[in-house]
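The values are calculated or read from the model by the stated rules, or taken from the named source; none is laboratory data. On a predicted model such as this, the values are computed, not experimentally measured, just so you know. All Cβ positions, even for glycine, are placed from backbone atoms using ideal geometry, and neighbour counts span all protein chains on display.
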Amino acid sequence: MSEYLATISWKRGDDAFVDHRYSRAHDWSFDGGLTVPASASPHSVRPPMSDPSAIDPEEAFVASISSCHMLWFLWGASRRGFRVDSYRDEAVGVMEKNAEGRLAVTRVTLRPHAVFGGDSAPTADDLRELHDAAHHDCYIATSVRTEIRIEPTFA
């Protein structure tokens with residue numbers, strides 16, 4: 001069993017709070033020492049009560065799925081002898097009502113693009129296999145009900 005620590009900190013400051021006008025800006029601190037500014041999404045809470053420059057939970061959710069997929073993809077490529085020189089994913093999450101009528105991130109689409117170097121380049125079939133394995137091995141993907149689509153681009 002593994003445990004992961006995140007500390008979420010918020011302070012009211014000078015805001016009245018009971019009038020529903022308070023800042024949603026807060027901090028995420030992680031066990032490695034990194035602290036990241038976070039906020040409610042400006043799609044949910046308009047600035048200045050939210051901070052558009054901070055990470056919001058919905059963005060972090062999409063990023064965690066994409067990051068997990070990438071890490072498994074890189075591992076699989078390495079094991080198969082393919083040298084990845086770069087990897088980029090412009091992932092998109094969609095918030096809409098789910099089957100129960102509640103707002104949820106119902107779909108995340110990953111659009112990964114890997115650039116390979118070295119003597120051995122993967123075929124399109126190799127890439128599909130690597131992405132399929134990465135999706136099935138990703139701890140985050142196996143932990144959520146969100147539909148995850150993988151639409152890799154091939155050079």
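Computed quantities for the displayed model
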quantity: Check on Pro57, over 21 Å from the mean Cα position of the chain (by Cα) and modelled with pLDDT of 95 or more; calculated: no
quantity: Scope region 5-24; condition among the hydrophobic types (A, V, I, L, M, F, W, C) and either farther than 19 Å from Ser44 by Cα or touching a strand residue (DSSP E or B) at 6+ places or on another chain (Cβ under 7 Å) (or both); matching residues; calculated: Leu5, Ala6, Ile8, Trp10, Ala16
quantity: Conditions (1) surrounded by 14 or more Cβ atoms within 10 Å (Cβ to Cβ); (2) within 19 Å of Phe116 (Cα to Cα); number of the one not met by Ala38; calculated: (2)
quantity: Meets criteria (over 14 Å from the mean Cα position of the chain (by Cα), at pLDDT below 95, of a type in the set (Gly, Ala, Ser) and not in a strand (DSSP E or B)) for Ser44; calculated: yes
quantity: Residue match in region 54-69 (condition: in a helix (DSSP H, G or I), crowded, with 18+ Cβ neighbours inside 10 Å and in contact with a Phe, Trp or Tyr (Cβ under 7 Å, 6 or more places away or on another chain)); calculated: yes
quantity: Tabulated pairs, region 73-84, first free of Cβ contacts under 8 Å to residues at least 60 places away in the same chain, second in a loop (DSSP other than H, G, I, E, B) and crowded, with 16+ Cβ neighbours inside 10 Å, C-beta under 6 angstrom, 6+ apart or interchain; calculated: Phe82/Pro122
quantity: Count - residues of region 94-125 that are over 18 Å from Pro152 (Cα atoms), touching a Gly at 6+ places or on another chain (Cβ under 7 Å) and either not hydroxyl-bearing (Ser, Thr, Tyr) or not in a loop (DSSP other than H, G, I, E, B) (or both); calculated: 1
quantity: Scope region 1-33; condition under 25 Å from Gly93 (Cα atoms) and not in a strand (DSSP E or B); matching residues; calculated: Tyr4, Leu5, Ser23, Arg24, Ala25
quantity: Region 127-155, residues that are of a type in the set (Val, Ile, Thr) and in contact with a Pro (Cβ under 8 Å, 6 or more places away or on another chain); calculated: Ile150, Thr153
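Table: residues versus (1) out of contact with any Leu (no Cβ under 7 Å at 6 or more places or on another chain); (2) assigned by TED's automatic domain parsing to the domain that holds Pro122; (3) more than 27 Å from His135 (Cα to Cα).
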position: Met1; (1), (2), (3): yes, no, no
position: Trp10; (1), (2), (3): yes, no, yes
position: Ala16; (1), (2), (3): yes, no, yes
position: Pro48; (1), (2), (3): yes, no, yes
position: Arg80; (1), (2), (3): yes, yes, no
position: Ala91; (1), (2), (3): no, yes, no
position: Met95; (1), (2), (3): no, yes, no
position: Glu100; (1), (2), (3): yes, yes, no
position: Ala104; (1), (2), (3): yes, yes, no
